[in-house]
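Heads up: the structure comes next, in C-alpha cells.
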Amino acid sequence: MLADIRTETALTRRWLGRDELDPKVMDAMARVPRDRFVPEELRDHAWDNGPLPIGHGQTISQPFIVALMTDLLDIPPGARILEIGTGSGYQTAILAELADQVYTVEVVPPLGEAAKRILDELGYENVHYRTADGHLGWPEHAPYDGIIVTAAAREVPDELIEQLRPGGRLVIPVGPPWSTQQLMRITRTGDGEVKEEAILPVAFVPLVEESGNDEAPESVK
C-alpha cells in the first residue's frame with residue numbers, strides 16, 4: 001500500500017508540485033491497520049489503493065487520498081483537529097497518530113458507533129465523538145489547527161472556516177454530488193483573510209445533511 005501511495009504521489013506531481021508526502025504521514029499510514037476498518041467480506045482488498053464501500057452509501061477512502069489530505073493539513077505538534085465525516089474511522093486513526101486531540105463528527109449513527117468501537121479497541125484515547133450534521137462543525141471545541149472533511153460539499157461551509165484558528169487549514173472536496181469535485185486547501189490567515197488553493201480533481205461521496213438530501217441514487221449505491 002505504501003508503495004502505491006508513493007507511486008500515485010509521483011503520478012500527480014503536476015498538481016502537487018512534489019514527489020513525496022511527509023514521512024510522518026507515511027509512518028502513520030504504516031502503523032494503522034486498514035483491514036480493521038473495512039467490512040469483513042472485503043478484507044482481502046483492505047490494502048488495495050482504492051476506496052471500498054462500508055454501507056449507508058459511504059466508503060472508506062483510497063489510501064493515497066487519506067495520506068494526501070492528512071499531509072495537506074500540515075499537522076503541528078499539539079494540534080487539535082476536527083474531522084467531518086467519521087465514516088469507517090480509518091482517517092480518524094491516522095489523524096489520532098499525529099494530532100494531540102481529534103474531534104470527529106458523523107451524521108450516520110451506525111457508522112459513528114462502529115468507528116468508535118474499533119478505535120477504542122485499538123487504544124486511541126485522544127478521539128472525541130459527536131453525532132451531528134457536519135456542515136456545522138463542532139464550535140464548542142474551536143478553534144482548530146486543522147479541519148478535514150471526508151465527503152464532498154457543494155460549497156465550503158462558512159461555519160468551518162470560522163472554526164479555524166489563524167494559520168489553520170481546512171482540507172475539503174468541493175463540487176456537485178456524484179461528479180468530479182476539486183480538493184481544496186483553505187488557510188485562514190493571521191489577519192482573518194482566507195486563502196484558497198485548488199489541489200487536484202477528486203470524486204467523493206457527498207457530505208450528508210441531516211435531511212438526507214444527498215443520499216446516493218439507487219444506481220450508485
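Only one of Glu155, Glu162 is surrounded by fewer than 16 Cβ atoms within 10 Å (Cβ to Cβ), more than 23 Å from Pro76 (Cβ to Cβ), out of contact with any Lys or Arg (no Cβ under 8 Å at 6 or more places or on another chain) and not hydrophobic (A, V, I, L, M, F, W, C). Can you tell me which?
Details: Glu162 fails: more than 23 Å from Pro76 (Cβ to Cβ).
Going through Glu155, Glu162 in turn, just one is surrounded by fewer than 16 Cβ atoms within 10 Å (Cβ to Cβ), more than 23 Å from Pro76 (Cβ to Cβ), out of contact with any Lys or Arg (no Cβ under 8 Å at 6 or more places or on another chain) and not hydrophobic (A, V, I, L, M, F, W, C): Glu155.
Here's a check for you: in region 87-145, which residue that is touching a Phe, Trp or Tyr at 6+ places or on another chain (Cβ under 7 Å) and of a type in the set (D, E, K, R) is surrounded by the fewest Cβ atoms within 10 Å (Cβ to Cβ)?
Pass one, region 87-145, residues touching a Phe, Trp or Tyr at 6+ places or on another chain (Cβ under 7 Å): 88-90, 93, 96, 103-105, 112, 116, 118, 128, 130, 138, 141.
Restricting the remaining residues to those that are of a type in the set (D, E, K, R) gives 116, 130.
Values: Lys116: 19, Arg130: 17.
Ranking the candidates gives Arg130 first.
Test Ser179 against the stated conditions and say whether it is modelled with pLDDT under 90, of a type in the set (S, T, N, Q) and touching a strand residue (DSSP E or B) at 6+ places or on another chain (Cβ under 9 Å).
Working: modelled with pLDDT under 90: yes; of a type in the set (S, T, N, Q): yes; touching a strand residue (DSSP E or B) at 6+ places or on another chain (Cβ under 9 Å): yes.
Considered against the rule, which asks whether it is modelled with pLDDT under 90, of a type in the set (S, T, N, Q) and touching a strand residue (DSSP E or B) at 6+ places or on another chain (Cβ under 9 Å), Ser179 comes out as yes.
Can you pull out the residues in region 192-207 that are part of a strand (DSSP E or B) and either without any contact (Cβ under 8 Å) to a residue 12 or more places away in the chain or within 21 Å of Gly50 (Cβ to Cβ) (or both)?
Of all residues in region 192-207, those part of a strand (DSSP E or B) come to 194-202, 206.
Answer for region 192-207, where residues must be part of a strand (DSSP E or B) and either without any contact (Cβ under 8 Å) to a residue 12 or more places away in the chain or within 21 Å of Gly50 (Cβ to Cβ) (or both): Lys195, Ile199, Leu200, Pro201, Val202, Pro206.
Counting only residues that are assigned to a strand (DSSP E or B) and either touching a residue at least 60 places away in the same chain (Cβ under 8 Å) or at positive phi (or both), how many does region 128-168 have? Outline the logic, then answer.
Narrowing region 128-168 to residues assigned to a strand (DSSP E or B): 128-131, 144-149, 152-153, 164-168.
Next, from what is left, pick out any that are either touching a residue at least 60 places away in the same chain (Cβ under 8 Å) or at positive phi (or both): 144-149, 167.
Within region 128-168, residues that are assigned to a strand (DSSP E or B) and either touching a residue at least 60 places away in the same chain (Cβ under 8 Å) or at positive phi (or both) number 7.
If I ask for residues that are in a helix (DSSP H, G or I) and over 13 Å from Ile172 (Cβ atoms), which ones from region 69-90 would you list? Don't jump to the end; show me each part of the working.
Step one: of region 69-90, the residues in a helix (DSSP H, G or I) are 69-73, 90.
Listed by number, the residues that qualify are Thr70, Asp71, Tyr90.
So Glu209 passes all but one of these: (1) modelled with pLDDT of 95 or more; (2) touching a helix residue (DSSP H, G or I) at 6+ places or on another chain (Cβ under 8 Å). Which condition number does it fail?
Condition (1) is where Glu209 drops out.
The values are calculated or read from the model by the stated rules, or taken from the named source; none is laboratory data. Given the structure is predicted, the values throughout are model-derived calculations rather than measurements. Heads up, the Cβs are rebuilt from the backbone with ideal geometry, glycines too, and the neighbour counts pull from every protein chain shown.
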